[in-house]
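The structure appears below as structure tokens.
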Amino acid sequence: EIRWAISYALDRDEIIDFAFKDTTTAIRLPYPGYPGMAPYFEAVEDLLAEYPTTEYNPAKTEEIMTAKGWEKDDEGFWAKDGERLSPVYQYNPDSAESAKVAQVVADQLTTGGVDVQLKPLSGAVGDSALLAGDWDLYGPQAFCPGTIYENLELFHSKFYVPTGEPAPWYERNSFRFQNPEYDAIVDEMLVALGEDADEATLVEIFSRAMEIWYADLPVTPLTQAPALVPSSYTY
């Protein structure tokens, strides 16, 4: 629920404007918007009405935080039992994209009452801290465009390790998500793929997995990752 409160506090249009100079679009799930994935995207349209992952809605942030027992202190920051919500936000200062996104997100969360502490870390130190889970927030994290199954599998708890131990990889559950019901559906898709299931069967399994994914919101979708790809038309 707090992850959803954080999501509602983020204005993706502003992130796109300030961090990407209007060169990308918001994304509602952890996949690139390739045409070949359209049947899967279309299958979760009804879920997005219930779980609007790109909605900027400070009122919903306030509603969730208040319901969870948080109150704003004299300086307008969320606090509970005398302690502020002060998450550490790790980002890579060597990446212009990462630094810009981090600044915009931190400003938005601060405006929303979250006392964000920016933590720039790069190189081996940053990688070690990221994989060990030595942070509260991290971003942006790209999700490579694997198959539908491969991207679902990134959230499988078979890749889970306790905080302090290095996660298998950045996308591969460095966020330490665990949900046995979700795992079972992902395993079901692997079996279906082995049986050469048709696309309709895979779409149905995907929809059930994403219903859990949206409810739990293990990561917060922000934007498509813009990429410039030089091409030669000589041949």
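The values are calculated or read from the model by the stated rules, or taken from the named source; none is laboratory data. If you're wondering where the values come from, they're calculated on a predicted model, not measured in any experiment. Cβ sites come from the backbone with ideal geometry, for glycine too, and all protein chains shown count toward neighbours. Quick note on the areas: whole protein, heavy atoms, side chains included, nothing else; ligands and nucleic acids left out. Shrake-Rupley method; radii C 1.70, N 1.55, O 1.52, S 1.80 Å.
Side notes on the structure shown:
- Criterion (assigned to a helix (DSSP H, G or I), without any contact (Cβ under 8 Å) to a residue 24 or more places away in the chain and either exposed (fewer than 15 other Cβ atoms within 10 Å of the Cβ) or of a type in the set (A, V, I, L, M, F, W, C) (or both)) met by exactly one of VAL161, VAL125: VAL125
- In the stretch 121-171, the residue that is modelled with the lowest pLDDT out of those that are more than 26 Å from LYS100 (Cβ to Cβ) and of a type in the set (Ser, Thr, Tyr) is THR147.
- Checked against (1) in contact (Cβ under 8 Å) with a residue 24 or more places away in the chain; (2) surrounded by fewer than 19 Cβ atoms within 10 Å (Cβ to Cβ), ALA38 passes all but condition (1).
- Annotation: of all residues in the stretch 169-228 being open to solvent by 60 Å² or more (accessible area, probe 1.4 Å) and among the small types (Gly, Ala, Ser), the one that is nearest to LEU10 (Cα to Cα) is ALA225.
- For ALA79, the requirement of being aliphatic (A, V, I, L, M) and within 21 Å of LEU137 (Cβ to Cβ) is met.
- Considering the stretch 130-158, and only residues there that are more than 22 Å from TYR91 (Cα to Cα) and of a type in the set (Asp, Glu), the residue that is least open to solvent (accessible area, probe 1.4 Å) turns out to be GLU153.
- Residues that are in contact with a helix residue (DSSP H, G or I) (Cβ under 9 Å, 6 or more places away or on another chain) and of a type in the set (Asp, Glu) within the stretch 27-45 comprise just one, GLU42.
- Members of the stretch 180-235 found to be at positive phi and out of contact with any Phe, Trp or Tyr (no Cβ under 7 Å at 6 or more places or on another chain), listed by number: ASP196
- If the condition is being closer than 20 Å to ALA200 by Cα and surrounded by fewer than 13 Cβ atoms within 10 Å (Cβ to Cβ), then the stretch 41-65 contributes GLU42, GLU45, ASP46.
- Per-region count, the stretch 7-26, residues in a helix (DSSP H, G or I), touching a helix residue (DSSP H, G or I) at 6+ places or on another chain (Cβ under 7 Å) and surrounded by 18 or more Cβ atoms within 10 Å (Cβ to Cβ): 3
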